[in-house]
Amino acid sequence: MILGFTGTRDGMTRLQQALFVGVLARLCPEEFHHGDGLEADAQAHNMVRQHVPRCRIIIHPPTNDALRAFCEGDEIRAPQPYLIRNLAIAACVDELAAAPKTSVEELRSGTWATVRYARRALKPVHILKPWDR
């Protein structure tokens, strides 16, 4: 199965990290896609490498390098503007894990935009709520 990830540039809370490990254990993805953002994307990348070492990681970088983590993946796609990149991640995965900054959906949030794209495509979405912030 192919798992996608989107998360806040503030990083995942301890609870979100624990929930993400649970998602990885349940789904055992063969492929993992993320947007190479600082903090949450980089955390998720490292957790996949640790908990599912045989998983192939596909990186969808943004065109703006300022907030990039520059993770080393098995494949790096061509850089795209944030919203296009988020749509691409949602489109090419079977399920999406999301670690938003807030528990309530927000407009003008890349994380929540990616969640909306995945939901419109009828993909299962695992919201890792940040209750311990």
Q: State all residues of the stretch 64-81 that are within 17 Å of Thr111 (Cα to Cα) and not charged (D, E, K, R); if no residue qualifies, say none.
A: Asn64, Leu67, Ala69, Gln80, Pro81
Q: Pick out the one residue from Gln50, Gln17, Gln80, Gln43 that is free of Cβ contacts under 8 Å to residues at least 12 places away in the same chain and of a type outside the set (A, V, I, L, M, F, W, C).
A: Gln50
Q.
On the basis of being within 22 Å of Ala121 (Cβ to Cβ) and either out of contact with any strand residue (DSSP E or B) (no Cβ under 9 Å at 6 or more places or on another chain) or touching a residue at least 12 places away in the same chain (Cβ under 8 Å) (or both), does Thr63 make the cut?
A. no
Q: Within the stretch 1-38, track down each residue that is of a type in the set (D, E, K, R) and under 18 Å from Ser103 (Cα atoms).
A: Arg9, Asp10, Arg14
Q) For residues in the stretch 89-124 being buried (at least 19 other Cβ atoms within 10 Å of the Cβ) and β-branched (Val, Ile, Thr), which is nearest to Thr13 (Cα to Cα)? A) Thr111
Q: Would you check which residues across the stretch 104-133 are more than 21 Å from His60 (Cβ to Cβ) and at pLDDT 85 or above and list them?
A: Lys129, Pro130
Q) Does at least one position in the stretch 12-23 carry a residue that is more than 17 Å from Thr114 (Cα to Cα), not in a helix (DSSP H, G or I) and not polar (S, T, N, Q)? A) no
(Q) Here is a check on your reading of the model: is Ala88 more than 24 Å from Lys129 (Cβ to Cβ), in a loop (DSSP other than H, G, I, E, B) and among the aliphatic types (A, V, I, L, M)? (A) no
Q: With the checklist (1) closer than 24 Å to Leu15 by Cβ; (2) modelled with pLDDT of 95 or more; (3) aliphatic (A, V, I, L, M) in hand, flag the one item Ile58 doesn't pass.
A: (1)
Q: Given the conditions (1) in a loop (DSSP other than H, G, I, E, B); (2) free of Cβ contacts under 8 Å to residues at least 12 places away in the same chain; (3) within 19 Å of Met1 (Cβ to Cβ), report the number of the one that Glu72 does not fulfil.
A: (3)
Q) Limited to the stretch 24-41, what total is found for residues that are under 20 Å from Ile127 (Cβ atoms) and either touching a Cys at 6+ places or on another chain (Cβ under 6 Å) or crowded, with 18+ Cβ neighbours inside 10 Å (or both)? A) 10
**Q.** Test: Gln43 is part of a helix (DSSP H, G or I) and under 11 Å from the mean Cα position of the chain (by Cα)
**A.** yes
Q. Is the stretch 77-88 home to any residue that is surrounded by 15 or more Cβ atoms within 10 Å (Cβ to Cβ), among the β-branched types (Val, Ile, Thr) and at pLDDT 95 or above?
A. no
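The values are calculated or read from the model by the stated rules, or taken from the named source; none is laboratory data. Just so we're clear, the structure is a prediction, and the values are computed from it rather than from any experiment. Note: ideal-geometry Cβ built from the backbone for every residue, glycine included; neighbour counts use all protein chains shown.
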